[in-house]
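Derivation of every value follows stated rules applied to the coordinates shown; laboratory data play no part. What you see is a predicted model; the values in this text were computed from it and never measured. Every residue, glycine as well, gets a Cβ built from its backbone with ideal geometry; the counts of neighbours run over all protein chains shown.
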Amino acid sequence: MAEDIQPQPVTQPERPKVQLFAGARANKGYVLKASLLALAFWLLQFLYQFFAFSAGDVTLSLIRSFAFSGASLIGLALVVGPLARLTKYNFIVHRRSIGVWGFTFIIMHFFAVMALAFNFNQALLFWDFNPFINFLLFGFGAYWLFMPLYLTSTDWATQKLGYKNWKRLHRLAYPGYILAMLHYTQVNPQALQSAPGYLLLLVTGLAIVLQVAGFVKTISRSKNRKDLLIGLAIIALGLLLAWASYSGMFKG
């Protein structure tokens, strides 16, 4: 009778399915606080632009405040990752909300430019297809690099893509931020010589330094050549950004 007993296949327990926006619904208090802080940050940027830098021009104040708020928050999101690796504090739990609100402001910046400045005239955006002549294209490219990251910034998307694929996709944040900063430093360098501009450059500098430090710490524990190449690429892009920022702000 023992010969009649068939071995049963071992089945793996199914992962619990994550519903879309389940995390946000479960942490409504945190989401509300993060949203209020982000909106307060933008409001301060708008008030500064309106009263101190844009001479009461509502259109310019909206465009610039959305731009500086979005870029500063995305830069801060890039600071949080390596900071969590270098310290014992779990800053990483805040990275998603910072990045999501950062790109939300970038979306508002894009539509403010198209609606209020360009009157939806695409010819004003694509007047030249050389990004080193038409610096608006750097921003346009950054916008579409960040878009898939924005759309997949949920636990549901992470589960559907698989963590490794999701992680690879979100590495687009690095070239996206480089393009964004090339846009900011070249389109209107004078706008960076202001309190919001100095804050953005400070956050960007911190992001570069901490990303390099985090890379060095990570690579010292890893023998993966792929990680080494990615890290070296990030450092090279950071140096390119530093050069572009300097030449854009201080060119004659």
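List of remarks:
- When each of Lys160/Lys217; Lys164/Lys217; Lys28/Lys217; Lys33/Lys217; Lys88/Lys164 is checked by Cα-Cα distance, pairs over 27 Å: Lys160/Lys217; Lys28/Lys217; Lys33/Lys217
- When each of the peptides 100-107, 131-138, 115-122 is scored by the mean number of other C-beta atoms lying within 10 Å of its residues, the order from highest to lowest reads 100-107, 131-138, 115-122.
- Dividing the convex hull volume of the alpha-carbon atoms in the stretch 23-250 by its residue count gives 137 Å³ per residue.
- When Met108, Met181 are arranged by Cβ crowding within 10 Å, least crowded first, meaning fewest neighbours, the order is Met108, Met181.
- Burial order of peptide ranges 57-69, 166-178 (average beta-carbon count within 10 Å, highest first): 57-69, 166-178
- Three-way shape label, the stretch 122-204, alpha-carbon gyration tensor, a/c 1.5: oblate
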